[in-house]
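None of the figures in this text is laboratory data; all of them are computed from the coordinates on show. What you see is a predicted model, and the numbers here were worked out from it, not measured in a lab. Cβ placement follows ideal geometry from the backbone for every residue including glycine, while neighbour counts extend to all protein chains displayed.
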Amino acid sequence: MKRYILLLLVFCCAVTTQAQQTQYTAKDYARTPVWIGMMDDTTANYFEAEKAYKIYWQHHEKPEGENDVIGEHAGREKIPSKHKQQKIQQDNKMRMAVKKYERWHSLMLPYVQPDGRILTPTERLAIWEEQKQKNK
């Protein structure tokens, strides 16, 4: 009996912890790229992710796009400093995150509800199937 009570208690704690959404402030958005995690979170608010992205880039320098600097690749091969190489790797990761965000931003836009909630894949599938039935 004690095991069942303990199991129930652990389950309730897990559900409660999962149900609580992390609240971020504008300072959090400015300091860390919270928007990267928001793209992968199916419960994230579209407008909050957009706000986090904009605030982050107000306080940081956006990395240039690929091949924006002529001869960039040749110059990178000759960099001797490990610190500079790490900086380049971080810039590349951020460059890819920006591309991912821009694609996510445009792909999710049709599924955004007035309150900022994004339709789940199941809801999107239901809409598609409904439209498919109407077209028959």
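Go through region 99-110 residue by residue and turn each phi into a ³J(HN,Hα) via Karplus (6.51, -1.76, 1.60, θ = phi - 60°); whole Hz please, and just put x for glycine and proline.
Those phi angles translate into 4, 4, 4, 4, 5, 4, 4, 6, 6, 7, 3, x Hz.
Enumerate the lysines that Lys87 could reach by cross-link, defined here as Cα to Cα under 24 Å, with residues fewer than 8 away along the same chain left out.
Partners within reach: Lys27, Lys54, Lys62, Lys78, Lys99, Lys100.
Calculate the FRET efficiency for Thr122 and His60 from the Cβ-Cβ distance with a Förster distance of 41 Å, rounded to the nearest 0.05.
Once the sixth-power term is evaluated, E becomes 0.70.
When the Karplus curve 6.51 cos²θ - 1.76 cosθ + 1.60 is applied with θ = phi - 60°, which whole-Hz ³J(HN,Hα) does each residue of region 39-44 get, with x for Gly and Pro?
For region 39-44, the Karplus curve yields 5, 8, 8, 6, 9, 5 Hz.
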